[in-house]
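First the structure, then my questions, so here it is.
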Amino acid sequence: MKPILFIFRSYNDLDHMLPIVDQALATNRPMILTCINSEFDLKDFRIKYLKSKFSLVTQYAYQLYKPSLAHHLFNLFVCTLPNSRLGKHVPVANKIIKRIRNTVHDRLLSKLYDSNWASNMILSLNIGSIVVDYGDINRYIYGSIKAATSINQIKIIGVPHGFDTISSDLWTTNASQSNNYNWKNEEWGWIDKIIVASPGIQEKYTRHGLSSNKTTALGLPRFTPDWVSIYHNIIPKSNLEHEPLLKIVFFDHFASNYKGYPDQIYETLKKVDALPYTKLVLKPHTRMELSDSRLAKIGEINNSHSTQLILWSDIVINYMSSIVIDALILKKIFLFPKYFINNTLRWEKYGASWTVYNESELLNALEIIQKGTHTIPYDQNNVDDFLNNEIYGTNPLNVRQRYLDFINLQSTVS
């Protein structure tokens, strides 16, 4: 078969593509992994894992096909120099190189990497299908790639860059304010086929404009048992120390974008941090700095791998991030402050969280946990129901292969 071209853009996208890429390589399926974001560090631990296990070389998308001197120069100033030792570790050089990079990138990206370039790249690499995460066609050179796939009659398949934890309709602040029920079609309609984790997510996206024929529910490989056993062994080790205190990790997110309440979050976490028996760690979202600058004054900001933070913790406080699935898998206490967000979360349907409805209830929960007088108000059956229905699908052991089989069906054979 012709190779599959996997295109990722940031941390989360690679995290969720990695199990599919690993399965393709393990079954000798021809594929290419590339990054469309030239600022992403290709020395990432997951890239190192693929190189070590499969000798896979990962490049930026702009390095896949360089038909002219202009393309070579673009790659030198945009991809190579900014990621060199000089560009990263010499402050004066870094500043100059970054300025040149931004100028070259902004002025030449659309001119050099148009649909003609993308079409020739696809032909030169004999690509049979392209896999992307869900994203806006106006970012990077997705528009050029879409035009080229239409010309060459190959399909673009979208895979998740996370688990859609919210079951509410119009779940973002902007969508709610505009009352726009077609917004997912406007954002992702350019993708030919979209894979989602569960039928509930598929139904939600259908209500928001995507044709039901465009989406397929296949589970979520990032959190399935066969991949977790691999992934948890390759994540970077942390230097987190044992604490005699109650160890709490809070995962930050885009609160104001998702109808969250930043003031409630800040005030509550400030009181949690002030308790004499707690050690509070805040993990910024992987796509951004802290969502609220006030949080920088609370607890300890730690950018260790999220799974390592969960392993270290006694309690995970979370109101929408999909990383809570790792917390449930690792059997950590999951406190869900319902009053942090004006949305309904998928775990609520299954009772798979210790839900608190105000600050007093949250602080009381911490107190009885610290005293050891608590009973966790959800059990493993609740967690299993959530995982089976939302993450694993029909079989928890073959989700990665289901994805690959589906992608193969969409691929041009010869």
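The values are calculated or read from the model by the stated rules, or taken from the named source; none is laboratory data. Just so it is clear, the structure is predicted and the values come from calculations on it, not from any experiment. No Cβ is skipped: glycine too gets one built from the backbone with ideal geometry, and neighbour counts run over all protein chains shown.
Could you check how many residues of the stretch 213-239 are touching a helix residue (DSSP H, G or I) at 6+ places or on another chain (Cβ under 6 Å), of a type in the set (V, I, T) and closer than 27 Å to T344 by Cβ?
Matching residues across the stretch 213-239 total 2.
Could you look through the stretch 36-79, keep only residues that are more than 13 Å from L108 (Cα to Cα) and of a type in the set (V, I, T), and pick out the one that is surrounded by the fewest Cβ atoms within 10 Å (Cβ to Cβ)?
V57
Could you check, for the stretch 399-407, whether at least one of its residues is within 28 Å of D263 (Cβ to Cβ) and in contact (Cβ under 8 Å) with a residue 40 or more places away in the chain? Working first, answer last.
Kept after step one, since they are within 28 Å of D263 (Cβ to Cβ), are these residues of the stretch 399-407: none.
No, the stretch 399-407 contains no residue that is within 28 Å of D263 (Cβ to Cβ) and in contact (Cβ under 8 Å) with a residue 40 or more places away in the chain.
Which of the residues that make up the stretch 240-272 are farther than 29 Å from T173 by Cα and out of contact with any helix residue (DSSP H, G or I) (no Cβ under 9 Å at 6 or more places or on another chain)? Write out each step before concluding.
Just the residues of the stretch 240-272 that are farther than 29 Å from T173 by Cα, to begin with: 240-247.
Within the stretch 240-272, P244 is the sole residue that qualifies.
Looking only at the stretch 109-120, count every residue that is in a helix (DSSP H, G or I) and free of Cβ contacts under 8 Å to residues at least 40 places away in the same chain and tell me the total. Before you say what the answer is, go through the steps one by one.
Quick first cut of the stretch 109-120, residues in a helix (DSSP H, G or I) only: 109-112, 115-120.
Pick out the ones that are also free of Cβ contacts under 8 Å to residues at least 40 places away in the same chain and you get 109-111, 115-116, 118-119.
The total comes to 7.
I'd like to verify a number: residues in the stretch 358-397 that are surrounded by fewer than 19 Cβ atoms within 10 Å (Cβ to Cβ), of a type outside the set (D, E) and not in a helix (DSSP H, G or I), how many?
Let us first name the residues in the stretch 358-397 that are surrounded by fewer than 19 Cβ atoms within 10 Å (Cβ to Cβ), namely 358-361, 363-364, 367-368, 370-377, 379-382, 384-385, 388-389, 394-397.
This time we only want the ones that are of a type outside the set (D, E), so: 358, 360, 363-364, 368, 370-377, 380-382, 388-389, 394-397.
If we keep only those that are not in a helix (DSSP H, G or I) too, we end up with 358, 372-377, 394-397.
Within the stretch 358-397, residues that are surrounded by fewer than 19 Cβ atoms within 10 Å (Cβ to Cβ), of a type outside the set (D, E) and not in a helix (DSSP H, G or I) number 11.
Would you please name the residue that is nearest to S360 (Cα to Cα), looking only at residues in the stretch 271-285 that are aliphatic (A, V, I, L, M) and assigned to a strand (DSSP E or B)?
Step one: list which residues in the stretch 271-285 are aliphatic (A, V, I, L, M), which gives 272, 274-275, 280-282.
So of that shortlist, the ones also assigned to a strand (DSSP E or B) come out as 280-282.
Values: L280: 18, V281: 20, L282: 21 Å.
Looking at residues that are aliphatic (A, V, I, L, M) and assigned to a strand (DSSP E or B), I get L280.
Touching a residue at least 60 places away in the same chain (Cβ under 8 Å) and part of a loop (DSSP other than H, G, I, E, B): which single residue out of S304, S291, S256 fits that description? Talk me through it step by step, then tell me what you get.
Details: S291 fails: touching a residue at least 60 places away in the same chain (Cβ under 8 Å); S256 fails: part of a loop (DSSP other than H, G, I, E, B).
After applying the criteria, what remains is S304.
Would you confirm, using the coordinates I've provided, whether I191 is over 16 Å from D169 (Cβ atoms), outside any helix (DSSP H, G or I) and touching a residue at least 60 places away in the same chain (Cβ under 8 Å)?
Details: over 16 Å from D169 (Cβ atoms): yes; outside any helix (DSSP H, G or I): yes; touching a residue at least 60 places away in the same chain (Cβ under 8 Å): no.
Taking the combined requirement at face value, the residue does not satisfy it.
Further question: Given the criterion part of a strand (DSSP E or B), crowded, with 21+ Cβ neighbours inside 10 Å, at negative phi and in contact (Cβ under 8 Å) with a residue 60 or more places away in the chain, identify the matching residue among I248, I265.
I248
Follow-up. Given the options L123, L170, name the one that is part of a loop (DSSP other than H, G, I, E, B) and either among the aliphatic types (A, V, I, L, M) or assigned by TED's automatic domain parsing to the domain that holds S256 (or both).
L170
Out of all the residues in the stretch 44-65, which are among the charged types (D, E, K, R) and free of Cβ contacts under 8 Å to residues at least 12 places away in the same chain?
To start, the set of residues in the stretch 44-65 that are among the charged types (D, E, K, R) comprises 44, 46, 48, 51, 53.
Within the stretch 44-65, K48, K51 qualify.
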